[in-house]
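The structure appears below as structure tokens.
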């Protein structure tokens, strides 16, 4: 069978719409997931045993189960429990945000832990109030240290987002599968879909290296 | 702070400190320091020197005893619940420099210097920056104001740390083995800065293993071992002709041949 990539041009618009859905979903879940992850990271290092226990159960559960299972559970089971209909997008956002929250909370927890006690000694020796210690010394360092791993987490999320096609969300993967089924040209269509994912994910992984080299080396943190 | 000339700047009484139930580091320390004195604390590792400085900076809780500063109660643990009471206002008149610089790596040199004055005292950024720049010039670091700590040598980092502590106009400076982590060729530049401060009568307490420096800067030397003061006197006595056998042993080992 001769390969004919020109058929892709006929479905350009549909693929772009699918890509837009993938990018939109990823960006929404990055913002919501990172915010959730930051607070869960704090909760896991909290003095309150209850907060630590609840956040640990959440993180371990979402890290220990397949994203596809989580997605199916939220798509099929959550509406039954809550008694409300959830749109594909809402289910996708909830599932991927909870997944992103769990993995980024570990990133934030590790970066908070990596700030040595001597930094706090210096804060005390300078008489800095607790609020200043947190906002001007601990937080900025924790966020900067977390950046490379957070970027990797974002790349993972972007790739994992393809799973939402399994619950019928019209993302890039879903559109690609449909075109492939309708044209009986899986090689051309799925190769192009893979290339589109790669062209977005690859610069992001390069950005991780760049940030590590430029920012973190300059600050040595 | 007002105080009569003869009143001690620091009065440490019966200071006890332990880490856990088995490791007692300070076993009843009594030290009086007069204004303008430069006290060098020497002694074997684990003898309680660094702990003493950390306690004085309010970084460690104590088991019992008290410290008065400038005639005011500063740290005590004499109540029934054994809680360490620290007067944070008094603490602000003490500055400390650590062995490992402890600069804030995400802030530039000038930002490191002005953070505390702006946030603690509410000083305007422009005025703090002006003072910081002047201090950096004085320590030969004028060109490094916008550099980040990672771009500095160990000696430069330590000089920045000293400048940062001085920005709060401390009445007493504590130096905890500030040259121990430095390459030998960088030690002198840091010691010169401390000698410069000494020439301006800045009261200081220094923990060091560098006996040459101790001899040059001290107005008084305290030999601390096993959590107590073993010998306390002028440098010529403690470093040159110690009276106590334990001091003599230590000095002999450090100098090899006593001079």
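The values are calculated or read from the model by the stated rules, or taken from the named source; none is laboratory data. Just so it is clear, the structure is predicted and the values come from calculations on it, not from any experiment. All Cβ positions, even for glycine, are placed from backbone atoms using ideal geometry, and neighbour counts span all protein chains on display.
Can you give me the number of residues within segment A:26-62 that are touching a residue at least 60 places away in the same chain (Cβ under 8 Å) and either more than 19 Å from residue A:150 (Cβ to Cβ) or not in a helix (DSSP H, G or I) (or both)?
1
Let me spell it out: the conditions are (1) over 21 Å from the mean Cα position of the chain (by Cα); (2) touching a residue at least 40 places away in the same chain (Cβ under 8 Å), and residue B:130 meets all of them except one. Which number is the exception?
Condition (2) is where residue B:130 drops out.
Out of A:124, A:164, A:215, which single residue is under 22 Å from residue A:104 (Cα atoms) and modelled with pLDDT of 90 or more?
On inspection, the qualifying residue turns out to be A:164.
Just the residues that are in contact (Cβ under 8 Å) with a residue 60 or more places away in the chain, within 11 Å of chain A (Cβ to nearest Cβ) and buried (at least 21 other Cβ atoms within 10 Å of the Cβ), please, taken from segment B:155-172.
B:161, B:164, B:165
Scan segment A:83-130 residue by residue and report those that are in a helix (DSSP H, G or I) and either closer than 18 Å to residue B:96 by Cα or touching a strand residue (DSSP E or B) at 6+ places or on another chain (Cβ under 8 Å) (or both).
Within segment A:83-130, A:117, A:118, A:119, A:120, A:121, A:122, A:123, A:124, A:125 qualify.
Out of curiosity, is residue A:179 buried (at least 18 other Cβ atoms within 10 Å of the Cβ) and closer than 30 Å to residue A:74 by Cβ?
yes
Which of the residues spanning segment A:144-158 are under 30 Å from residue B:121 (Cα atoms) and either more than 12 Å from chain B (Cβ to nearest Cβ) or surrounded by fewer than 22 Cβ atoms within 10 Å (Cβ to Cβ) (or both)?
Across segment A:144-158, the qualifying residue is only A:144.
Just name the residue that is nearest to residue B:210 (Cα to Cα) out of those in segment B:173-199 that are surrounded by 21 or more Cβ atoms within 10 Å (Cβ to Cβ) and in contact with a strand residue (DSSP E or B) (Cβ under 7 Å, 6 or more places away or on another chain).
It comes out as B:178.
Could you say whether any residue in segment B:221-238 is under 14 Å from the mean Cα position of the chain (by Cα) and surrounded by 15 or more Cβ atoms within 10 Å (Cβ to Cβ)?
yes
For segment B:31-46, which residues satisfy the criterion of being assigned to a loop (DSSP other than H, G, I, E, B) and closer than 16 Å to residue B:99 by Cβ?
Within segment B:31-46, B:43, B:45, B:46 meet the criteria.
For every residue, the table says whether it meets (1) in contact with a helix residue (DSSP H, G or I) (Cβ under 6 Å, 6 or more places away or on another chain); (2) over 18 Å from residue B:41 (Cβ atoms).
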site: B:167; (1), (2): yes, yes
site: B:198; (1), (2): yes, no
site: B:208; (1), (2): yes, no
site: B:215; (1), (2): yes, no
site: B:219; (1), (2): no, no
site: B:231; (1), (2): yes, no
site: B:236; (1), (2): no, no
site: B:243; (1), (2): no, no
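Output the number of the condition that residue A:161 fails; it satisfies all remaining conditions of (1) closer than 30 Å to residue B:56 by Cβ; (2) away from every other protein chain (no Cβ under 14 Å); (3) surrounded by 14 or more Cβ atoms within 10 Å (Cβ to Cβ).
(1)
Of the residues A:152, A:156, A:165, which is within 24 Å of residue A:34 (Cβ to Cβ), within 26 Å of the chain's Cα centre (by Cα), in a helix (DSSP H, G or I) and free of Cβ contacts under 8 Å to residues at least 40 places away in the same chain?
Details: A:152 fails: free of Cβ contacts under 8 Å to residues at least 40 places away in the same chain; A:156 fails: free of Cβ contacts under 8 Å to residues at least 40 places away in the same chain.
Going through A:152, A:156, A:165 in turn, just one is within 24 Å of residue A:34 (Cβ to Cβ), within 26 Å of the chain's Cα centre (by Cα), in a helix (DSSP H, G or I) and free of Cβ contacts under 8 Å to residues at least 40 places away in the same chain: A:165.
Residues A:177, A:133, A:141: which one is assigned to a helix (DSSP H, G or I), away from chain B (no Cβ under 14 Å) and either closer than 30 Å to residue A:46 by Cβ or touching a residue at least 12 places away in the same chain (Cβ under 8 Å) (or both)?
A:177
Evaluate the following for residue B:34: is it out of contact with any helix residue (DSSP H, G or I) (no Cβ under 8 Å at 6 or more places or on another chain), at pLDDT 90 or above and farther than 18 Å from residue B:230 by Cα?
yes
Select from segment A:87-125 the residues that are free of Cβ contacts under 8 Å to residues at least 12 places away in the same chain and more than 12 Å from every other protein chain (Cβ to nearest Cβ) and write down the one among them that is farthest from residue A:160 (Cα to Cα).
Ranking the candidates gives A:87 first.
For residue B:141, work out the one condition from (1) within 12 Å of chain A (Cβ to nearest Cβ); (2) farther than 26 Å from residue B:45 by Cα it doesn't fulfil.
Among (1) within 12 Å of chain A (Cβ to nearest Cβ); (2) farther than 26 Å from residue B:45 by Cα, the lone unmet condition for residue B:141 is (1).
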